[in-house]
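The values are calculated or read from the model by the stated rules, or taken from the named source; none is laboratory data. All figures in this text were calculated on a predicted structure; none of them were measured in a lab. Please note: Cβ atoms are built from the backbone with ideal geometry, for glycine as well, and neighbour counts cover all protein chains shown. Protein only, heavy atoms only, side chains kept; ligands, DNA and RNA dropped before computing areas. Shrake-Rupley method; radii C 1.70, N 1.55, O 1.52, S 1.80 Å.
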Amino acid sequence: MEKQDVIKDVITYAVKKSVFSVENADCSILRGTIINEVAKEQALFYCQRTQEIIFALAEQIKNIPTEGVLPVSECGVIFQYIFDRCAEFAYKLITDSDEINTNFNITEAFNYYELDIPEYLQLKVTNIVPRLANIFGSIYHYMSQKDYLSQDVATWMSAIMMSAATLAFKFAMEMDLDDDAEMQDFLNN
């Protein structure tokens, strides 16, 4: 199967797994209601830029000496990092920020990286980390079943990272940027 076909299949699976339903209760982060519309040009810019970033990161990963195996835990950390950074990127696009940082560094995935978004929105992202871990686990299992993991590491890691970027964009478009209720609950408890 071609790289683009693998990526498309994994993204489709990830989105389906992430939408709220009874079957996806432990993975749902998306409701299907867009609150923050983006212009077509913004969406295109996001897609093109994240694809460039992810393909470059996949090449970096491919060149890491792993004795042919990239540990699942490291893949999960990278998935979370890409989600976080892409959620930040999408937020900046949605709010028309002039300060959009699209310089991703794979080593940041294994260090603490604080998102450059308001704290109450950071909390929204932090609160879904367990669900993101479940989504990643489902994606990895799906890819294993489809035998995608036997392909070049750059191919299947691109699929994992592109699914994280897609979910982050959708999550940011569904996030109520004016709702700080989670932060208020956190501060009052």
Among the residues of the range 77-90, is there at least one that is open to solvent by less than 20 Å² (accessible area, probe 1.4 Å), more than 28 Å from K40 (Cβ to Cβ) and modelled with pLDDT of 90 or more? yes
State whether the residues of the range 99-121 include one that is under 14 Å from A168 (Cα atoms) and assigned to a helix (DSSP H, G or I). yes
Sort out which residues of the range 129-148 are aliphatic (A, V, I, L, M) and either crowded, with 19+ Cβ neighbours inside 10 Å or more than 22 Å from S18 (Cβ to Cβ) (or both), and write them in order of number. L132, I135, I139, M143
The conditions are (1) in contact with a Ser or Thr (Cβ under 7 Å, 6 or more places away or on another chain); (2) farther than 15 Å from V153 by Cα; (3) at pLDDT below 95; (4) not hydrophobic (A, V, I, L, M, F, W, C), and D26 fails exactly one of them. Which is it? (1)
Could you figure out which of (1) over 22 Å from I64 (Cβ atoms); (2) modelled with pLDDT under 90 isn't true of F110? (1)
List the pairs whose first member sits in the range 55-77 and is under 13 Å from I106 (Cα atoms), whose second member is surrounded by 10 or more Cβ atoms within 10 Å (Cβ to Cβ) and modelled with pLDDT under 80, and whose Cβ atoms are under 8 Å apart, counting only residues at least 6 apart or on separate chains? I61/L70; I64/L70
Here the residues within the range 1-48 that are farther than 26 Å from Y142 by Cβ, free of Cβ contacts under 8 Å to residues at least 12 places away in the same chain and outside any helix (DSSP H, G or I) are A39
